[in-house]
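These notes concern the structure reproduced below.
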Amino acid sequence: MPTEELKDLAAKYLMQTYARQPISIVRGRGAKVYDMEGREYIDFVGGIAVNILGHGHPDLVQAIQRQAAQLIHVSNLYYTEPQVRLAQMLVDHSFADRIFFCNSGAEANEAAIKLARRYGHEKHGADRFEIITMKNSFHGRTMATLTATGQEKVQKGFEPLVPGFAYAPFNDFAAIEALVTDKTTAIMLEPIQGEGGVHVADHAYLKNLRELCTQKDILLIFDEVQTGMGRTGTLFAYEQLGVEPDIMTLAKGLGGGMPIGACLAKDAVAAVFTAGTHASTFGGNPLACAAGLAVCRLLIEGRMLEQARRMGDYLSKGLADFKDRHRAVRDVRGLGLLQGLEVEIDAKAVVADCLTRGVLVNATSERVLRFVPPLIITQAEVDRVLDVLSSIFNQRTMAEKDQQH
Ligand SMILES: *Cc1c(COP(=O)(O)O)cnc(C)c1O
């Protein structure tokens, strides 16, 4: 179907929740995607940090094809092997002892929130329910997770919000100390705020949070939905930040594109989720878990993590150099293949310019470009994206200068 026709039908039949770029993507290969008209794009969005193996990775395709032919879904009334194997793989390579599987980041965070509340109730009584989250955070779009999200624009119009949340500025330990009370059951944050514009948590801040939480039996929840699965160069970002959480959530990269989420926890915490306390019909189905297993095998047993680390270094050096050459760049932030560029020109216009030059990038706001390419991105592809950005920045800063004269 021609793109214009598709746009018209989408305008007619879909709820208008998304501001989409004006292309229709029909296939992908590696870190490239192709639109309806056959134009090629370097994919520096990767399905929003989801397609960590790029597009059409043979191991992932084969795992999904095989599992689809064998068994797609039976519910959690029965045992299925891919779910247990994926759980074992994640436990073997993380701080966690047990996993609950679901289908998305928001759902993983819902599980974490429920787990923290139940833990508070069982260990300390019914008054222990409050969760402190960060301003500018992002945890999802369900009622509890949009309440956890410290951004007014996500909450506006959906009041009343879920009670029991308090908010602190990111990287401000004193603000947390001031908010903690006997009611506090958890502190929840992203080790790197992704949607909020790529802000990395300080090591000292995290260390202080860990100590405070341990001392008061408050649960430390890391939302690694975006930072997990090799994005930052280690399997999980917390490994580089020197602090282990009590609960961690994953989604985005976990299935390499298949919808899957996970809530991971230590034994003592996970124990409060007894039979019947939480559930998800699709959660941990064999198809999604087979995809997750293929992703984990490549990351853990293959060379994908090394590749991610190398390319993360390459991209962050490239962006640091880019900043030196372009005065419109105010800041470069991030870790590994999660990088943000804070700019003084219109970031959304840069996104549109990139699109016409065959590059997909994303802006988290008017001023921040975010780069979350697949982990299989090549140096040549990174170079090409930086070249395209360079010419766009030159043109845009020139045009702005002309306007001033
Ligand atoms: C994307 C994201 C979510 C929400 O994930 P969904 O799958 O869209 O529900 C939650 N937390 C973080 C950190 C994210 O980046």
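No value in this document is a laboratory result; all are computed from the given coordinates. Keep in mind it's a predicted model, so treat the numbers as computed, not measured. Positions of Cβ are generated from backbone atoms using ideal geometry, with glycine treated the same way; all protein chains shown enter the neighbour counts.
Simple point charges give the picture: +1 on the Cβ of Lys and Arg, -1 on the Cβ of Asp and Glu, and for segment 71-301 a dipole about the Cα centre of about 360 debye.
In debye, nearest 20: dipole of segment 56-119 around its Cα centre with unit charges on the Cβ of K, R (+) and D, E (-)?
Working: 6 positive and 6 negative charges, 45 e Å.
Using only the charged Cβ atoms, the result is roughly 220 debye.
Short-range pairs are left out: with C-alpha atoms under 8 Å and at least six residues apart, the relative contact order of segment 71-301 is 30 percent. In degrees from 0 to 90, rounded to the nearest 10, what is the angle of the helix 286-296 Cα long axis to the longest principal axis of the chain? Roughly 70 degrees, rounded to the nearest 10.
Sketch the reach of a paramagnetic label on GLU301 as a point 7 Å from Cα along Cα-to-Cβ, and name the residues of segment 37-61 whose backbone nitrogen lies under 17 Å away. Flagged as within label range: 58-61. For the chain, what value does the Rg/Rh ratio take when both radii are computed over Cα atoms and Rh is the Kirkwood radius, given to two decimals? A ratio of 0.97. Seen through its C-alpha gyration tensor, with square-root eigenvalues sorted a ≥ b ≥ c, segment 139-212 comes out oblate because a/c lies at 1.5 or above while a/b is not bigger than b/c. Entry note, the chain: the mean residue ellipticity at 222 nm calculated from DSSP H runs of n ≥ 4, each adding -39500 (n - 2.57), is -12500 deg cm²/dmol after division by the residues and rounding to the nearest 500.
With a simple spin-label model that places each label point 7 Å from the Cα along the Cα-to-Cβ direction, the separation between HIS93 and MET143 comes to 3.7 nm.
Provide the gained length on full extension for the span ALA10 to ALA380, in nm with one decimal, where the gain is 0.36 nm per separating residue minus the Cα-Cα distance. If you can, show how the numbers build up before the last one.
Values: separation 370, 0.36 × 370 = 133.20 nm, distance 3.52 nm.
Stretched out fully, the ALA10 to ALA380 stretch lengthens by 129.7 nm.
Of the cross-linked pairs LYS7/LYS32; LYS156/LYS252; LYS135/LYS266; LYS156/LYS266; LYS114/LYS252, those separated by over 32 Å at the C-alpha level are LYS156/LYS266. Under the convention that each Lys and Arg Cβ holds +1 and each Asp and Glu Cβ holds -1, the size of the dipole of segment 273-323 around its Cα centre is about 120 debye.
Rounded if a/c is under 1.5, else prolate if a/b is larger than b/c, else oblate: which is segment 214-325, with a ≥ b ≥ c the root eigenvalues of its Cα gyration tensor? Present the calculation step by step, with values, prior to reporting the outcome.
Values: a/c = 2.60, a/b = 1.47, b/c = 1.76.
Oblate shape, in that a/c is at least 1.5 and b/c is the bigger or equal ratio.
By the gyration tensor of its Cα atoms, with a ≥ b ≥ c the square roots of the eigenvalues, what is the shape of segment 71-301: rounded for a/c under 1.5, prolate for a/b over b/c, or oblate? It is prolate, given that a/c is not under 1.5 and a/b is the larger ratio.
Within 15 Å, Cβ to Cβ, of ALA251, how many net charges do the neighbouring residues add up to if Lys/Arg are +1 and Asp/Glu are -1? Neighbourhood net charge equals -3.
Please return the longest range in the chain lying between exposed loop sites, taking GluC sites (Glu not before Pro), DSSP loop only, at most 14 other beta-carbon atoms within 10 Å, and leaving the sites out. Between the exposed loop sites, the longest stretch runs 38-343. What is the distance, in nm, between label points placed 7 Å from the Cα along the Cα-to-Cβ direction at TYR18 and at SER391? For TYR18 paired with SER391, the spin-label model returns 2.8 nm.
Taking only C-alpha pairs under 8 Å that are 6+ residues apart, what is the relative contact order of the chain in percent?
Values: 794 pairs, mean separation 87.0, N = 405.
So the answer I get is 21 percent.
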